[in-house]
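Let me begin by presenting the structure, written as structure tokens, before commenting on it.
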Amino acid sequence: MIGTSLVSESADGRVVARIVETEGYVPGDAASHAFRGETARNGSLFRRRGTAYVYFIYGCYFCVNVSSEREGVGAGVLVRAAEPVEGMELMHARRPHSTARDLCRGPGRLATALAVTRLHDGLDLCAPGPLWLAAAAKPAPAVSESVRIGLTKEADRVLRFFETGSPFVSGPRALNVRPPRP
DNA sequence: AAGAAGATTCGCT
DNA sequence: GCGAATCTTCTTA
């Protein structure tokens with residue numbers, strides 16, 4: 001998914017951000033919202049891969065995930081950060097005190113810049129719509145990996161992936177200077 | 001029925 | 001670097 005563009009289209013206009021950082025939540029993973037089985041909240045994680053799972057966290061922010069397994073299996077990829085590509089004026093309007101670099105740097109910030117809310121939960125991201133994934137641009141970016149960020153459970157899993165050297169990646173610097181994976 | 005924890009961000013020290 | 005903000009969901013009694 002690194003290098004793929006996330007497109008948000010609303011009455012306000014169109015915004016495009018190129019994904020530079022993701023985090024995986026796999027079957028059997030105690031840190032996954034799907035770990036304890038399907039509920040009304042996490043149902044989208046159990047839908048066919050490419051379904052949007054949007055949840056509200058810390059009373060303030062939304063986070064965007066893409067389900068990643070077949071129907072009935074709970075797993076997904078959290079979109080942690082992106083590089084603004086189109087509609088930067090609109091993103092700045094939605095995040096007034098942000099620098100260009102920080103518009104989509106972090107999962108909560110990204111959702112705000114793209115105006116993603118729980119209304120987007122359950123959408124099919126594989127076809128054009130209010131929120132969808134456009135094909136990746138040509139050169140496949142170099143991808144590095146690290147442990148996941150901000151977790152208390154299964155924090156040691158190496159399931160975070162990001163574009164090597166991108167300034168639009170979130171997280172502590174120490175995690176972001178690791179060499180690209182082979 | 002009540003309480004704690006949470007895949008975060010921002011501002012202040 | 002630390003703690004507050006703020007609410008939904010799941011767990012436990």
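Every number in this text was worked out from the coordinates using simple rules, so none of it is lab data. Computed from a predicted model, the values in this text were never measured in an experiment. Every residue, glycine among them, receives a Cβ derived from its backbone with ideal geometry; neighbour counts consider all protein chains shown.
Laid out as a table, the results:
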{"read-out": "Spacing of the two label points (7 Å from each Cα toward its C-beta) at A:ALA136 and A:ALA174, in nm", "value": "3.0 nm"}
{"read-out": "Dipole moment magnitude, nearest 20 debye, chain A about Cα centre, only Lys, Arg, Asp, Glu C-beta charged", "value": "280 debye"}
{"read-out": "Contact order relative to length of the stretch A:40-182, as percent, for alpha carbon pairs under 8 angstrom and 6 or more apart", "value": "20 percent"}
{"read-out": "Distance between modelled label sites at A:VAL158 and A:ARG41, nm, 7 Å Cα→Cβ extension", "value": "3.2 nm"}
{"read-out": "Signed unit charges on C-beta, dipole axis of chain A, positive-most listed residue A:ALA17, A:GLY129, A:LEU159", "value": "A:LEU159"}
{"read-out": "Set of the stretch A:49-90 residues, backbone N closer than 11 Å to the point 7 Å along the Cα-Cβ line of A:ASP124", "value": "A:51"}
{"read-out": "Computed [θ] at 222 nm, deg cm²/dmol, chain A (DSSP H ≥ 4; -39,500 (n - 2.57); rounded to nearest 500)", "value": "-2000 deg cm²/dmol"}
